[in-house]
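Below is one structure; the comments refer to it alone.
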Amino acid sequence: MKETTDKQTVEEIFAEIDNIDINSIELHPDAIKYLDTLQSYLQCFDQLEELYKQVDPNQRLANHGMPDINRPIQQLSVTGEPVQNLVELYQVAEIMLPVFVTKIENLIGEVRKKPDPPE
């Protein structure tokens, strides 16, 4: 691959990238570990999406079609102050987990009871 200069066009750069044989590239073990983790995450995300479609096929539990919240959200610690580190975040998560699980189970139960809306 020739050296990239600022005189190359974007098309020339893309053409060079297209000609790279990815099977000939040796990756650092840390890069391989990262890519494996990324692949696992994406597979997990796909599996979660499929599960979500089964649990909420009519998208009643999520905010589909609603505008996003355009303000920063900060998790609060058990003292009510913004969390400063993961330890504080996990402390809150541990306390909230039973409440969260109960709320999600209740929501799923309610959604399954309701008839589909007319189209």
For residue 113, the aspartates and glutamates lying under 13 Å Cα to Cα, once residues fewer than eight places off in the same chain are dropped, come out as 56, 105
Sorted by chain and number, the residues with a modelled amide H under 5 Å from that of residue 77, at a separation of 5 or more or across chains, are 83
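Throughout, read-outs are computed from the coordinates displayed, never taken from laboratory work. Every value quoted in this text rests on a predicted model; they were computed, and no experiment measured them.
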